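J.: Structure provided below as structure tokens; questions to follow.
The values are calculated or read from the model by the stated rules, or taken from the named source; none is laboratory data. Just so it is clear, the model here is predicted, and its values are computed rather than measured. Note that we place each Cβ from the backbone using ideal geometry, even for glycine, and neighbour counts take in every protein chain shown.
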Amino acid sequence: MDNQTPLNNRIDEILNSLQGMQRATASPHLYTRIKPALAKPEPFWIQLARFVSRPAIAYSLSAVLVLVNIWFILSSPPVKAEIANEQLSTLAAEYHLSSVSLLDPPNNLP
Amino acid sequence: MNEKDFIERLRNGDESAFRALVDAWKDRIYNTCLGLVQQGEDAEDCTQEVFITAYRKIGQFREEAAVGTWLYRVAVNRSLDLLRKRSREKQHGEWIDFQHPGVQLEKKQDAAILFRAIRQLPENQKVAYQLQQMENLSQREIAAVMDISESAVEGLLQRARNTLRKILITYLDKNK
């Protein structure tokens, strides 16, 4: 406990070392340095990214994508299940596909 | 002139308004960047980027926040980007002790130890603690800058102080 107090005091001293500090000052030529960068046009891709990332644009684009998807789903003709099943069974018969079980006898064919 | 008119002038690309904005805020923004990145050159770059971003993005500025709050927010984000970039590039690099020019002479050594400990804080705690210590912002102002509640700021500051204590205990034990 006796060791703790000097340690705590030292920590408090360190933690309080920023008290009374002055604000650091920026270079007096800051504006002169900024000015040429302001005159330069932004690269096209940054401008595009900034435009697309605007909430109104981003939400509108998402809504358009969702609507296009819905339109595709609704406008495509429904697949006839019977035809699809028939095609599958023909395919299964052609390639001798059947369910394999561990209890099946081993296939010794060359 | 009120802030609304001032922002309108900035939006219209009025150079004298922009210059007034830079003159009024450059030291606060530089000090914030410096506290977070802890390096003079990087803090200069960060300050320049903040004002260039402000000039280009003033059209997106929402007027429910004060322009100063917005500038602080841009400064914090730029500084954190710089720190992340630096930690990717110099994963195992040695840190040089940071000496803030505004610290009182007799406290410089302790402040360097504290700044070294601050570097080890998680991002949110670091931002909240630095804005309070370096810029003397109130919890309400910090909450506005970080876009979180005041109670969240209080929690962050408490956790930051506790973490700093633990880091300093370890440091002092090692350097007896």
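J.: Given the conditions (1) within 30 Å of B:Arg165 (Cβ to Cβ); (2) more than 9 Å from chain B (Cβ to nearest Cβ); (3) among the charged types (D, E, K, R), and given that A:Arg10 satisfies all but one, which numbered condition is not satisfied?
T.: The number of the failed condition is (2).
J.: Quick one: count up the residues across segment B:136-176 that are surrounded by fewer than 19 Cβ atoms within 10 Å (Cβ to Cβ) and either of a type in the set (Ser, Thr, Tyr) or within 30 Å of B:Phe61 (Cβ to Cβ) (or both).
T.: Residues in segment B:136-176 being surrounded by fewer than 19 Cβ atoms within 10 Å (Cβ to Cβ) and either of a type in the set (Ser, Thr, Tyr) or within 30 Å of B:Phe61 (Cβ to Cβ) (or both): 16 in total.
Table: residues versus (1) assigned to a helix (DSSP H, G or I); (2) farther than 20 Å from B:Asn136 by Cα; (3) hydrophobic (A, V, I, L, M, F, W, C).
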site	(1), (2), (3)
B:Ala17	yes, yes, yes
B:Leu34	yes, no, yes
B:Glu44	yes, yes, no
B:Phe51	yes, yes, yes
B:Lys57	yes, yes, no
B:Leu71	yes, no, yes
B:Val76	yes, no, yes
B:Asp81	yes, yes, no
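J.: Which members of segment A:58-110 meet the condition of being touching a helix residue (DSSP H, G or I) at 6+ places or on another chain (Cβ under 8 Å) and modelled with pLDDT of 80 or more?
T.: A:Ala58, A:Leu61
J.: Right, another one. Can you spot a residue in segment B:95-105 that is β-branched (Val, Ile, Thr) and away from every other protein chain (no Cβ under 14 Å)?
T.: yes
Table: residues versus (1) more than 17 Å from B:Arg84 (Cα to Cα); (2) crowded, with 22+ Cβ neighbours inside 10 Å.
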residue: B:Leu10; (1), (2): yes, no
residue: B:Phe18; (1), (2): yes, no
residue: B:Asn31; (1), (2): yes, yes
residue: B:Leu34; (1), (2): no, yes
residue: B:Gln38; (1), (2): no, yes
residue: B:Asp45; (1), (2): no, no
residue: B:Glu49; (1), (2): no, no
residue: B:Ile58; (1), (2): yes, no
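J.: Related question: Among B:Ala144, B:Ala152, B:Ala112, which is the only one that is more than 16 Å from the chain's Cα centre (by Cα), away from chain A (no Cβ under 13 Å) and of a type in the set (A, V, I, L, M)?
T.: The conditions single out B:Ala152.
J.: Let me ask you something else. Under the condition of being surrounded by 12 or more Cβ atoms within 10 Å (Cβ to Cβ) and more than 7 Å from chain B (Cβ to nearest Cβ), which residue from segment A:13-57 is nearest to B:Gln109 (Cα to Cα)?
T.: A:Asn16
J.: Same structure again: Name the residues in segment B:115-136 that are more than 13 Å from the chain's Cα centre (by Cα) and part of a loop (DSSP other than H, G, I, E, B), would you?
T.: Scanning segment B:115-136 gives B:Gln120, B:Leu121, B:Pro122.
J.: Taking only segment B:14-35 into account, find how many residues are facing chain A (nearest Cβ under 9 Å) and at pLDDT below 90.
T.: Looking only at that region, the number is 1.
J.: Do we find that B:Leu168 is touching a residue at least 24 places away in the same chain (Cβ under 8 Å) and either at negative phi or of a type in the set (Gly, Ala, Ser) (or both) in this structure?
T.: When the stated conditions are applied, B:Leu168 passes them.
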